[in-house]
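Each remark here refers to the structure printed beneath this line.
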Amino acid sequence: MLQNIRDGIAKILVYLLFGILILSFALWGTTDFFGQGAVQTVIAEVGDNEITRKTIERQYRRQIDNLRKRGINEEQARKFGVLESVVERAVDASVYDLAAEKLGLTVATSAIERDIRDRFGQIGSVQFDQLLRDNGYTLQEYEAARRLEIPRMQMIESFSAGAAGSKKLLNYLYRWQAEERSASVFKVSLNKGDVPKPKEADLIKFHSDNPQLFTSPEYRDLVLVHINPAKIAQSIKFDEADLKQLYQERISDFRQTERRKVSQILFETKKEADKARAKIEKGLDFDSVADLVAGQDKNTTQLGSVSREDLPENLAKEVFRLGKGKVSDPVKDEFGYRIFKIDDVLPERVKLFSEVKAELAREIRQDQALEDVIRISNSLEDSLGKGLSIEEASAEQGLEARRIINIDQSGRDENGRIVANIPDKPFLRTLFNASERQDTFMTETAAGGFFVLRVNKVKKSSVIPLERVKDRVLIAWSEAKRMDRSRMKAEILSNKINDGDTISRVASSIKAKVFEIGPTNRFNRVEGIPPELIAKLFKLKSKGKASFIRGNGEYFVASLTRITSADGRVDKEAINALKNEVKISMVSDILSQLQSAIRKSNNVSVNEVTLKQFFDSNEDGSGALGDTP
């Protein structure tokens, strides 16, 4: 029973993820609405429903874009299992859709329109269109997504309506969570001088018993030719006349169309809009009317700088008809009625040569470098095709054949240093898939360069002989012996306390300082104290009892000094939070059972081969959306 309760509390993180899952369904869904012009590669099937690669690619790309905003790159995301998570979410959503369909849940078009108006009406049509574009949707596609998502969410929410834990269960969980304990603690740490010097036999045995500590990775000795576009770009020369000629040829690219800085007030009815317009005509300023009539502050009303192309045709016509400082009559669109104020007019202009000079120089170098990379790589490939070695072919083309002695799969040398100036992905993967004494194919990098290599020699992963790592073995043996002795000492001292001695007397016997911790509950972190020690305190049966645990390079001995129960202490906010956690847990369990039942009665499968190809295409640097328009 207690273990079940602990498992329930431990599910808090799962509850949060479950909430994110529901939110992601509600916001963007998982279904592909982008056309089916060609036969789609199927990643997964749920009954008769197919989840295509394009669907997964779209969802994966959105997830990666969101993670990038939080400082997580695509490689880290792959290690976190984001792709698998996206696939599982898509399958889960399709299972729920199947259940909603069997229950006959549908949604009317009017309800979808009302849903969109309720969600996004305040931000305005321009911002809404931009939001949809940023997430890869048109309005019609988003409406189609919501047509599936609303019944799905109605079904999920119906399960949560009646889910609740009993009062007895909540009280028990609250007491368990709120109980606090205090303890006296001291540290046990032997100095290195307390450890005797090892015999040769001790080092030999330690080296033999712990090969994982002294094993070198696989290394490869290779010859590499890398055609690097960045390096080639640095060598490209041109004068200012070339830049000015390019500027004149592309002058239309630097023409900025007329723009307007605009503020707006949005109303649901024409009556409200007319009332506000009348107040402005009587002299009340625009911002005051927005606040008094529509309850919109300045941050809400400012639309920013827009061009004609940024606005729907009927809105653009009105906005670009008015001069600076003018206010429009009410204009109707799908979200209601709007009144615009022209804060500023930014006339059409052409950027000066000085403004775009650096950009043009960069483009010339990039374009020329790409042409040179293709030309050089083709010429090198032709030379290799004539039977020349990599060294001979590179010399014929005026390229450097670089020798790299012993590099591992992380790109480090035998001294653990990063090998500098190696190609981007998929260089390391190509290197460690290559056969010894054979040239690889010419391979493109993620940065647009090319490389070809030959593995001269493979140095297999092996245990480094003792004589080469004797200093490391000595250090590791001494530290292990020191910690073993510290543990034995901590166990003896802990047993003395459990036999009735006081912690202060036991600590003073080794000249250790006693300090106090707590009161703390099961979940709090105490600075400088291993979390495992807190967990052990809550396993002790009574005050005065002791336990010990290993910390960072030392052992901690703790004696329980106080148990503070939750009886008589009622935190309504904590109980309400616990009530919600229990409810989410119950709903999660119900939905898990629903998922299981539907999966048993319908074929649910994931094409692991296609999924692996998806991974491989991303690892190669081609990107998840390489074939997506």
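The values are calculated or read from the model by the stated rules, or taken from the named source; none is laboratory data. Keep in mind that this is a model prediction, so the values were computed, not measured. When we count neighbours, we look across all protein chains shown, and the Cβ atoms used for this are built from the backbone with ideal geometry, even at glycine.
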- Task: Tell me, yes or no, whether region 240-248 has at least one residue that is hydroxyl-bearing (S, T, Y) and surrounded by 13 or more Cβ atoms within 10 Å (Cβ to Cβ).
- Result: yes
- Task: Identify, from the list G304, G323, the residue that is more than 24 Å from F128 (Cα to Cα) and exposed (fewer than 14 other Cβ atoms within 10 Å of the Cβ).
- Result: G323
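Residues K270, K261, K298, K282: which one is of a type in the set (K, R), under 35 Å from the mean Cα position of the chain (by Cα) and closer than 23 Å to I342 by Cβ?
One residue alone meets the criteria, K298.
One line per residue, one yes/no per condition, for (1) surrounded by fewer than 12 Cβ atoms within 10 Å (Cβ to Cβ); (2) within 23 Å of F267 (Cα to Cα):
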residue	(1), (2)
N314	yes, yes
V327	no, yes
D333	no, yes
R338	no, yes
I342	no, yes
F353	no, no
A358	yes, no
V373	no, no
- Query: If A566 passes every condition in (1) farther than 22 Å from N498 by Cβ; (2) outside any loop (DSSP other than H, G, I, E, B); (3) small (G, A, S) but one, which one does it miss?
  - Reply: (2)
- Query: Can we say G283 is in contact with a strand residue (DSSP E or B) (Cβ under 8 Å, 6 or more places away or on another chain) and outside any helix (DSSP H, G or I)?
  - Reply: no
- Query: For region 350-363, does any single residue satisfy the condition of being polar (S, T, N, Q), touching a helix residue (DSSP H, G or I) at 6+ places or on another chain (Cβ under 8 Å) and modelled with pLDDT of 85 or more?
  - Reply: no
- Query: Quick check: is even one residue across region 589-605 in a strand (DSSP E or B) and at pLDDT 75 or above?
  - Reply: yes
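So which of Q76, Q59 is surrounded by 16 or more Cβ atoms within 10 Å (Cβ to Cβ), assigned by TED's automatic domain parsing to the domain that holds I150 and part of a helix (DSSP H, G or I)?
After applying the criteria, what remains is Q59.
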- Query: What is the one condition in (1) surrounded by 15 or more Cβ atoms within 10 Å (Cβ to Cβ); (2) farther than 30 Å from F432 by Cα; (3) in contact (Cβ under 8 Å) with a residue 12 or more places away in the chain that F515 does not satisfy?
  - Reply: (1)
- T106 passes all but one of the listed conditions (1) more than 27 Å from L578 (Cβ to Cβ); (2) in a helix (DSSP H, G or I); the exception is number (2)
- Being under 30 Å from the mean Cα position of the chain (by Cα) and free of Cβ contacts under 8 Å to residues at least 24 places away in the same chain is the filter; apply it to region 85-117 and report the residue that is nearest to I598 (Cα to Cα). E88
